[in-house]
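For reference, the structure is listed below as structure tokens.
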Amino acid sequence: MLNLTIAALFLLGTHFGIAAPSLRADLTSRIGERAYRLLYSLVAVVALVWLVTAWRDAPLVPLWPIGAVVRHLALALMPLAFLLVVCAVTAANPTVLGQQPDPDAASPAVGIIRVTRHPFMWGVALWAALHLLANGDAASVLFFASFIVLAVVGAWRIDARRTRENAAGWGVFLQVTSNLPFAAIVERRQRLVTSEIGLWRAALALGLYVVFLWLHPWLFGVSPLG
């Protein structure tokens, strides 16, 4: 379990440490933006491989019983995680690296961005939270909690960095969206328009969910269906 704990701390420490404004500025000034991104990616891959390997080798220490209700809840909500990720990678988003808000856009936020300006992060967080609940052992808590912290804190850090940069249109975009899913809608700063998300994205997310559900026993050695 010590190896897994160190791997989890390494994952979080390297992601947040290398991306810290002062260190990032220093590294990019020394090696350039492209080299910095390559370094960041390499460290991220090493950290992820180490974490997965440590999790697989960790002893099984049950913390709570896994009943049918928890398994069914995870199965029912997991498609939402897939939908968030699919929407995140198939639509423009001013919070993504290399993209900027459009100050002249008629609607600063469309599609899933009306729900949350960080759909990828919340998709990962939901995926991790459901797996954490459905496993119920100490190693899984360390493993999946690492991704929850990475996603939730990562979303907050992106907002902070973009606010410091203060690109044209960012202030308006910030006002009409929320980090926490549905918060802007509940506060009536935004409205849900399901047609903007697109039926094809929902179909793709559901299809990917079914494929991963089918491949899960071969990829990870356990079937979510029991």
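Quick notes on this one:
- Taken over the stretch 1-50, the residue count meeting the criterion of being surrounded by 12 or more Cβ atoms within 10 Å (Cβ to Cβ), among the basic types (Lys, Arg) and out of contact with any Phe, Trp or Tyr (no Cβ under 9 Å at 6 or more places or on another chain) is 1.
- Of all residues making up the stretch 75-117, the number that are assigned to a helix (DSSP H, G or I) and polar (S, T, N, Q): 1
- For Thr116, the requirement of being hydroxyl-bearing (Ser, Thr, Tyr) and either touching a Gly at 6+ places or on another chain (Cβ under 6 Å) or modelled with pLDDT under 95 (or both) is not met.
- Considering Leu97, Leu133, Leu142, Leu174, the condition of being modelled with pLDDT under 95, closer than 22 Å to Ile18 by Cβ and not small (Gly, Ala, Ser) is satisfied by Leu97 alone.
- For the stretch 182-214, the candidate set comprises residues that are outside any helix (DSSP H, G or I) and more than 13 Å from Gly111 (Cα to Cα); within that set, the residue that is most open to solvent (accessible area, probe 1.4 Å) is Arg188.
- Output for the stretch 152-167, where each listed residue is under 16 Å from Asn93 (Cβ atoms) and either modelled with pLDDT under 90 or open to solvent by less than 50 Å² (accessible area, probe 1.4 Å) (or both): Gly154, Ala155, Ile158, Asp159, Arg161, Arg162, Glu165, Ala167
- Sole residue being in contact (Cβ under 8 Å) with a residue 24 or more places away in the chain, open to solvent by 60 Å² or more (accessible area, probe 1.4 Å) and closer than 21 Å to Phe182 by Cβ, chosen from Leu133, Leu126, Leu84: Leu133
The values are calculated or read from the model by the stated rules, or taken from the named source; none is laboratory data. Keep in mind the model is a prediction, meaning the values are calculated, not measured. Every residue, glycine as well, gets a Cβ built from its backbone with ideal geometry; the counts of neighbours run over all protein chains shown. SASA here: full protein model, heavy atoms, side chains in, ligands and nucleic acids out. Shrake-Rupley method; radii C 1.70, N 1.55, O 1.52, S 1.80 Å.
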